[in-house]
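The values are calculated or read from the model by the stated rules, or taken from the named source; none is laboratory data. Predicted model, so just to flag it, every value in this text is computed and none were measured. Cβ atoms come from the backbone with ideal geometry, glycine included; neighbour counts cover every protein chain shown. Surface accessibility is based on the protein's heavy atoms, side chains included, excluding ligands, DNA and RNA. Shrake-Rupley method; radii C 1.70, N 1.55, O 1.52, S 1.80 Å.
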Amino acid sequence: MPELRIEATINGRKVARPAKPHLRLLDFLRDDLELTGTKEGCGAGECGTCSVFVDGVLMKSCLVPVAKAQGTRIETVEALANSGELSILQKAFHKAGASQCGYCIPGMVMAATAAIRSNPFAGREEIKERLGGNICRCTGYQKIIDAVEMARDVQNGKLSASVFAEDEPEDGAFIGANVRRIDAPSKVAGALKYAGDMVMPHMLHVQVLRSPHAHARVVSIDVSEAEAMDGVEGVITSADVPGEDGFGVFVHDQPIMARGKVRYIGEAVAAVAAEDVLTAKRALAKIKVVYEPLPAVFDPDEAMQPGAPVLHDYAPDNITKHIPIRVGDVTKGFAASELIVEQTYSTQAIEHAYLEPEAGLGYVDADGVVTIISPSQNITHHREMLSKIIAQPISKVRFIMSPVGGGFGGKEDMIYQGMLALLAMKTRRPVRLVFTREESIISTAKRHPSRTTLKMGLSKDGRIRAFEMRMISDGGAYGMSTEGVMRKAAILAAGPYAIANVKIDTYGIYTNNTPSGAFRSFGALQAQFATESHLDICAEKLGLDPFEIRRINAMRDGATTHTKQKLKSVSILRALEAAEKASDWEKGAPVSRGETRSDHATQGIRPPCALGARFEAPAAAERSEVA
Amino acid sequence: MARKRGRGVAACWYGIARTATVDRAGAWAEIDDGGTVKILTGVTEIGEGILTVLAQIAAHEIGVKPADVTLGDNDTARSPEAAHAGATRQTYMIGNCVAIAARQAREKLVEVIADHWDVAASTIETANGEIWAAGTNHRISMGEAVRICKAKGVVPLGSGSFGTDTTGLDPIDGAGRPWQAYVFGCQVAEVEVDTITGEVQVLGIWAAHDVGRAVNPRGVEGQIEGGIVQALGQGLMEDYKLDQGRTSTSGFAKYILPTALDVPHVTSIIIEDPDPIGPLGVKGIGEPAMIPTIPAVMNAIYDAVGVRITSLPATPEKVLDAIKEKEKSHTRRNIPAVAAE
Ligand code: FES
Ligand code: FES
């Protein structure tokens, strides 16, 4: 491929250099110019983490071929904080607490800069609409929008720049103070390096071959042609694992790469380390894997039937974990009930969608220590597992946790770090792997989809006399956090309510679906969705206010939980009261009284969204500012 | 009226730190030259704000400013085990062990300075980078105090370890002590449902959560706001779809996430019911923040249009189908009545 020569002004400096024609502007900025403040969240124009200005226009650099940069003036996030001082907008992000993991933040800052450049008087709704092309998975956007409004007002002289200053308690009591986040300046400036931004001298690039089958025997893998390619420094399969090949948060049922069979589409089968990503990708195409498809099972109820395809020999019934909770006698409780309500609930699989796709580096240091740098949520456990997998003592394994661009539980599984270790050991060079968004979505854990049957018996006064729940969760192909998720779901299923008769069973089941794993709120969300919906159904039938039915049943100080643990202080009544008061709740049974109720707030809600109708003409806005 | 409003409520509870097993974490602290503080513990930021929280705790306990605190990297070969970043355990487990380590380092410094001034250690106070003896003229900077301390051959160090008094669950009836700290919460949602399109807009959430003790209230709000919006994603739009194990939602074009246009106004109410066991009284907020949101929204949809969504997500199609179904059965039920007229 003939190289292009790109001449452009980038962050005020003239750049003239060759570039490979297949590059996107994003790659040119990140890889060739090392301007890693511009991030790749999706590579498809959907997330906005790659936003830059091209000739003053906000653009998603993942959609711009590098040739288009020719002769343009480009500004990246690194240009905003010129000579080290943060821009007004960056200061506002810092002050308002608008950054959390920070991975969306450079793009967000660029989009916000564009918003108030386009209309210095943009209102809150217009700001939202102008940020509509940028995804943030952490903040819920509220503090980001607050920050943009703050910056707008400082810029317009309506607010003094002193609002950006730190609140410093005079007595030094910093616990309880709104100290500005210490990591924010590096995030708003795009200076913080996540694993995918890091480079090491002499580094190789890793790509992973993934299974196209949901369930298949791996008959043979031939890597000889891939290995012989120019620029390929190492190819690994499960045959390269020297120790006990298995990882997982609870059961170690997952090999670093498929061993003997594949159990889901997207499972790693082999990996290549090469001089560049393109060569590594080409090498994947040269690996010959012979599969023999096996019958697969995709529904957890079917997987529990006798005769269903078995995923793991140790679990012939495909049950990863069953957790029972028993208190009192539910049969008696139902007999003593005046109202019995039964209902099924279901929840879907969802993706963590942290904006930072998985990435990591591996190297063997001068003392022979196998070192992994990655946004792992559990380096201690990963070290222990990797030491067994590579048959090295703990002292020869080191994990460094790089800044995590969002985790939410999705980065607890050691899904790729083993491959980095093996390739670093095999090639004796540093290696780096950066997942694409698609790779991240198909190969990593999801939230457990669930089907729940809930039966509740109550007396007329609203007291819950019996609670019976059965929850079936699809754990997918590997155990990951399923056991823990089932446990937490079971313990918390019946809610913060004192109930004398409880029967709960949660089941995590193996299927050939994408594995389910840890996800913020870990099973409690699925179970309490059912219980809290159910309480409203029962309250309607009993003519009780929904707060009231919860108050009647709420645990009090000194309560005993459904696992027979005695609690000291229980704050549920305080929480109920606070929410009721803050929302100005109008009492009444949940009988679809929406239209008739008078508590629809005028405060504490946003105006309903009517797309496109919210831009005020800048001139009009200006006039109203003056007025 | 095409658009109807409704409100709903839901409560939640959650356990702090690892479940049904003994949790533990460790940290080291050093009061360093210039009156700065070095904290070493195996943790880094995953976005929740833990580094700021730890800097605040160390500053508060030792008597310096958060800006004077340096946090070491999360590195299994260089720092004590803090274990994993999850389970709503960071502020609770690591916050508490940093407090223990910081108090111990301060004690070492105070002992030397008290001796130097010939006053009782109990009269010594520290705050905002200064150290003084109450009721005397003795007052110096922390930097000066460290210099004096080191000149006497003492490096003011501390270490902290914090563990939980918890047990596994009985395999038959589940009895056990899974956590030593619990949090509780409640949220009210106000929604608007478009009866023509089935679209649900969440306009407001009032979220009251017990966090034990808020180290950084703005950070707590950030966790609540972010958790709520993630829950709305699951409640209303996100869906990882699989057919025969193959996904059709492998990119953000198909896998729909909430944007700035979808989010309600969130009003957070922080409740502080201090944990009686840990040295700080802190508990946590990361995960529980998202639990009541979905049922509160589903209860609000019921209030608005009288349909109960029991399978997530409540997409416009699903809500619309349910509304039509309800109207049909309503009409059916009404036929005899109409005929009788
Ligand atoms: S929009 Fe370019 S990386 Fe997502
Ligand atoms: S702070 Fe926006 S994605 Fe994490």
| message | Every residue in the range A:392-442 that is within 24 Å of A:Leu355 (Cβ to Cβ), away from chain B (no Cβ under 14 Å) and assigned to a loop (DSSP other than H, G, I, E, B), please. | response | A:Ile415, A:Tyr416
| query | Which one of these is within 16 Å of ligand 2 (Cβ to nearest atom), within 17 Å of B:Gly8 (Cα to Cα), in contact with a strand residue (DSSP E or B) (Cβ under 8 Å, 6 or more places away or on another chain) and not charged (D, E, K, R): B:Ala289, B:Ala304, B:Ala296? | reply | B:Ala289
| task | Might you let me know whether the range A:80-89 holds any residue that is within 16 Å of ligand 2 (Cβ to nearest atom) and out of contact with any Pro (no Cβ under 6 Å at 6 or more places or on another chain)? | result | yes
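Do we find that B:Ala304 is in contact with a Gly (Cβ under 8 Å, 6 or more places away or on another chain), among the small types (Gly, Ala, Ser), facing chain A (nearest Cβ under 7 Å) and surrounded by 21 or more Cβ atoms within 10 Å (Cβ to Cβ) in this structure?
Numbers: in contact with a Gly (Cβ under 8 Å, 6 or more places away or on another chain): yes; among the small types (Gly, Ala, Ser): yes; facing chain A (nearest Cβ under 7 Å): yes; surrounded by 21 or more Cβ atoms within 10 Å (Cβ to Cβ): yes.
So B:Ala304 fits the description; yes.
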| Taking the range A:109-135 only, how many residues are part of a loop (DSSP other than H, G, I, E, B), within 16 Å of ligand 1 (Cβ to nearest atom) and open to solvent by less than 10 Å² (accessible area, probe 1.4 Å)? | 2
| request: For the range A:40-59, enumerate the residues that are within 14 Å of chain B (Cβ to nearest Cβ) and either more than 11 Å from A:Met110 (Cα to Cα) or more than 16 Å from ligand 2 (Cβ to nearest atom) (or both). | output: A:Glu40, A:Gly41, A:Cys42, A:Gly43, A:Ala44, A:Gly45, A:Glu46, A:Cys47
| message | What's the total number of residues in the range A:152-195 that are over 29 Å from A:Lys128 (Cβ atoms) and assigned to a helix (DSSP H, G or I)? | response | 1
| remark: Checked A:Glu438, A:Glu468, A:Glu483 against criteria (open to solvent by 20 Å² or more (accessible area, probe 1.4 Å), charged (D, E, K, R) and more than 26 Å from A:Ala315 (Cβ to Cβ)); the one match is A:Glu438
| note | In the range B:1-27, anything more than 19 Å from B:Asp165 (Cβ to Cβ), in contact with a Gly (Cβ under 7 Å, 6 or more places away or on another chain) and open to solvent by 10 Å² or more (accessible area, probe 1.4 Å) is listed as B:Lys4, B:Arg5
| query | List pairs: first in the range A:423-439 and closer than 17 Å to A:Ile373 by Cα, second open to solvent by less than 10 Å² (accessible area, probe 1.4 Å) and among the charged types (D, E, K, R), Cβ under 6 Å, 6+ apart or cross-chain? | reply | A:Phe435/A:Glu358
| field | Residues within the range A:558-610 that are at the interface with another protein chain (Cβ under 7 Å from one of its Cβ atoms) and open to solvent by 80 Å² or more (accessible area, probe 1.4 Å), tallied | value | 4
| field | Residues satisfying the stated conditions in the range A:216-243, i.e. aliphatic (A, V, I, L, M) and loosely packed, with under 14 Cβ neighbours inside 10 Å | value | A:Val219, A:Ala228, A:Ala239
| query | If we keep just the residues of the range A:332-379 that are in contact (Cβ under 8 Å) with a residue 12 or more places away in the chain and part of a helix (DSSP H, G or I), which is nearest to the other protein chains (Cβ to nearest Cβ)? | reply | A:Ile379
| task | Filter the range B:72-95 down to residues that are crowded, with 24+ Cβ neighbours inside 10 Å and not in a loop (DSSP other than H, G, I, E, B), then give me how many there are. | result | 6
| request: State which residue is farthest from ligand 1 (Cβ to nearest atom) when the search covers only the range A:58-75 and only residues that are small (Gly, Ala, Ser) and open to solvent by 10 Å² or more (accessible area, probe 1.4 Å). | output: A:Gly71
| Across the range A:7-57, which residue is nearest to ligand 1 (Cβ to nearest atom) among those that are of a type in the set (Val, Ile, Thr) and crowded, with 24+ Cβ neighbours inside 10 Å? | A:Thr49
| Which one of these is in contact with a strand residue (DSSP E or B) (Cβ under 7 Å, 6 or more places away or on another chain), touching a residue at least 60 places away in the same chain (Cβ under 8 Å), among the hydrophobic types (A, V, I, L, M, F, W, C) and within 16 Å of ligand 2 (Cβ to nearest atom): A:Ala92, A:Ala111? | A:Ala111
| query | Do you know which residues across the range A:76-108 are more than 14 Å from chain B (Cβ to nearest Cβ) and within 16 Å of ligand 1 (Cβ to nearest atom)? | reply | A:Thr76, A:Val77, A:Pro106
| task | Please tell me if A:Ile265 is of a type in the set (A, V, I, L, M), over 26 Å from A:Val485 (Cα atoms) and modelled with pLDDT of 95 or more. | result | no
| remark: Listed by first then second residue, the pairs whose first member lies in the range B:18-42 and is farther than 30 Å from A:Val249 by Cα and among the small types (Gly, Ala, Ser), whose partner is assigned to a helix (DSSP H, G or I) and open to solvent by 10 Å² or more (accessible area, probe 1.4 Å), with beta carbons under 6 Å and at least 6 positions apart or on separate chains, are B:Gly34/B:Gly143; B:Gly35/B:Gly143
